[in-house]
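Structure, as structure tokens:
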Amino acid sequence: MEIRLLADSYLKNEQLYLDFMNDSIELDKDYFSEESVFIEESPDFPIYMGRGSEKEKSASFTEAINIIMNSYIETPREIHMNGRFWHSLMITKRDYLFDLYGQLITSHKDFIRIIMKPFDWESYIYKCVLAAEYIYDTKLESEEEKQYYIQLIINNIDMYNYIIKYSIFRNSHFILNFFRAVDELGLTSLMKAKIKNRDDLGKDERYGRRVFLELNNNYPVIMAPFLQKDELKKEIVKALANYIDHETLNKIGNIKYN
């Protein structure tokens with residue numbers, strides 16, 4: 001399938017928004033370049049998880065990650081890590097996307113926010129592409145394992161969002177080991193929780209973010225991105241000990257802290 005790539009200035013082109021809304025996209029318009037990418041298949045998948053219940057958001061993330069992993073992630077990395085490719089692909093899916101999100105788009109700003117979100121850690125497509133790549137690259141043998149890791153990422157989406165901001169931690173070894181360690185320690189709920197009675201830390205501080213901040217601050221003295229899972233568990237517990245007294249810490253999950 002040929003995907004005609006958008007021109008470099010497409011994000012500022014309001015005519016693209018108007019033609020998308022009016023179902024009048026034309027390949028000879030100036031928002032398209034002369035470049036194309038060829039892919040074998042292009043199944044639809046959700047691209048916006050900013051609405052709905054937590055269950056609905058989780059289902060959309062799961063569907064998107066699975067479809068990207070099964071149908072797109074084998075493309076060269078310069079394609080599937082290129083925002084212009086994904087946004088160009090979205091133009092070919094106008095009817096599908098309009099049915100899902102059309103009622104949410106009332107301005108060019110909404111169009112950018114929902115359909116053409118810049119391809120970085122805030123983009124739902126970016127989050128799903130990275131997750132799909134991490135799991136695919138790990139070469140897991142069973143479908144059950146793949147789904148386990150997908151759910152680990154989704155269940156820890158706040159921490160995942162925080163971690164993928166930092167390039168040194170943006171690798172499959174660390175991401176999957178980190179979330180598996182958190183799961184095996186029984187800390188998933190705690191990591192999402194707000195830290196109470198610590199105004200010095202700022203507003204809306206959560207244990208998971210502070211743990212990651214400790215790991216980041218200790219790098220490269222402690223090479224957290226490259227630790228094995230059991231070593232990483234120890235560092236996670238040490239980091240938590242900066243925010244929870246030791247007696248309480250030993251009562252949480254599967255932790256034994258001395």
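The values are calculated or read from the model by the stated rules, or taken from the named source; none is laboratory data. Remember, predicted model here, so these are calculated numbers, not experimental data. With ideal geometry, Cβ positions are generated from the backbone for all residues, glycine too; neighbour counts draw on all protein chains shown.
Some observations on this one:
Residue by residue, here is whether (1) at pLDDT below 95; (2) over 13 Å from the mean Cα position of the chain (by Cα); (3) of a type in the set (K, R); (4) assigned by TED's automatic domain parsing to the domain that holds Y17 holds:
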site	(1), (2), (3), (4)
I73	no, yes, no, yes
M81	no, no, no, yes
K93	no, yes, yes, yes
Y96	no, yes, no, yes
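- Subset of segment 134-151 (residues that are touching a helix residue (DSSP H, G or I) at 6+ places or on another chain (Cβ under 7 Å) and either over 15 Å from F178 (Cα atoms) or not assigned by TED's automatic domain parsing to the domain that holds F61 (or both)): Y136, D137, L140, K146
- Residue in segment 91-104 that is among the polar types (S, T, N, Q) and either touching a Cys at 6+ places or on another chain (Cβ under 6 Å) or more than 22 Å from E35 (Cβ to Cβ) (or both) present: yes
- Consider segment 168-203 and keep the residues that are touching a residue at least 24 places away in the same chain (Cβ under 8 Å) and touching a strand residue (DSSP E or B) at 6+ places or on another chain (Cβ under 8 Å). The one that is surrounded by the most Cβ atoms within 10 Å (Cβ to Cβ) is M191.
- Considering segment 1-101, the qualifying helices (runs of 4 or more DSSP H), each wholly inside and each with 2 or more residues that are hydroxyl-bearing (S, T, Y), run over 54-71, 83-92, 94-101.
- Look at segment 106-130: where a residue is within 17 Å of I175 (Cβ to Cβ) and of a type in the set (A, V, I, L, M, F, W, C) and a partner is modelled with pLDDT under 95 and not in a loop (DSSP other than H, G, I, E, B), sitting 6+ places away or on another chain with Cβ atoms under 8 Å, you get W121/N161.
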